[in-house]
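A.B. asks: One structure follows; several queries about it will come next.
The values are calculated or read from the model by the stated rules, or taken from the named source; none is laboratory data. Keep in mind the model is a prediction, meaning the values are calculated, not measured. In this analysis, Cβ positions are derived from the backbone assuming ideal geometry, glycine residues included, and neighbour counts consider all displayed protein chains. Remember, those area values only see protein heavy atoms, side chains included, never the ligands or the DNA or RNA. Shrake-Rupley method; radii C 1.70, N 1.55, O 1.52, S 1.80 Å.
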Amino acid sequence: MTPDFLVERKVVMGALGIKTEGEFRKMLNDGLIPPAVGKFKRTHLWSNSIVQTFRKRAQELGVKGSHELVEEIYCDGLIRLTSQGTLHLNSYLD
């Protein structure tokens, strides 16, 4: 299993086409986009594979965000990441 990379908020915003911090916070608080999987110091980090999978499925469905899509993608992603009994994550932040 290859490790997943963790990315910062700005990368997530770019991948999902979110233009402002306010829009990002609102969508995150409303559960319309995947939540962070971890934190390094004061920086929240997202699974790049979960974000990219979410982006692709949202584009296919023609939506920007969805509770159901978050549940589906996030749960599947975490199951995939932990299927070997450990969570393999790498961060660009060291």
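A.B. asks: Filter region 84-94 down to residues that are open to solvent by 60 Å² or more (accessible area, probe 1.4 Å) and not aliphatic (A, V, I, L, M) and give me whichever is modelled with the lowest pLDDT.
C.D. replies: Initial filter on region 84-94 (open to solvent by 60 Å² or more (accessible area, probe 1.4 Å)): 84-88, 90, 92, 94.
Next, from what is left, pick out any that are not aliphatic (A, V, I, L, M): 84-86, 88, 90, 92, 94.
Numbers: Q84: 58, G85: 53, T86: 51, H88: 54, N90: 53, Y92: 51, D94: 46.
For region 84-94, the residue satisfying everything is D94.
A.B. asks: Oh, and also: How many residues, within region 32-83, are more than 13 Å from V12 (Cα to Cα), part of a helix (DSSP H, G or I) and open to solvent by less than 60 Å² (accessible area, probe 1.4 Å)?
C.D. replies: So the count comes out to 8.
A.B. asks: A further question follows. Just to verify a result, which residue in region 22-64, among those that are in contact with a Pro (Cβ under 8 Å, 6 or more places away or on another chain) and among the β-branched types (V, I, T), is modelled with the highest pLDDT?
C.D. replies: First, the residues of region 22-64 that are in contact with a Pro (Cβ under 8 Å, 6 or more places away or on another chain): 28, 46-47, 50-51, 54.
Right, trim to among the β-branched types (V, I, T) and you get 50-51.
Details: I50: 90, V51: 93.
Result: V51.
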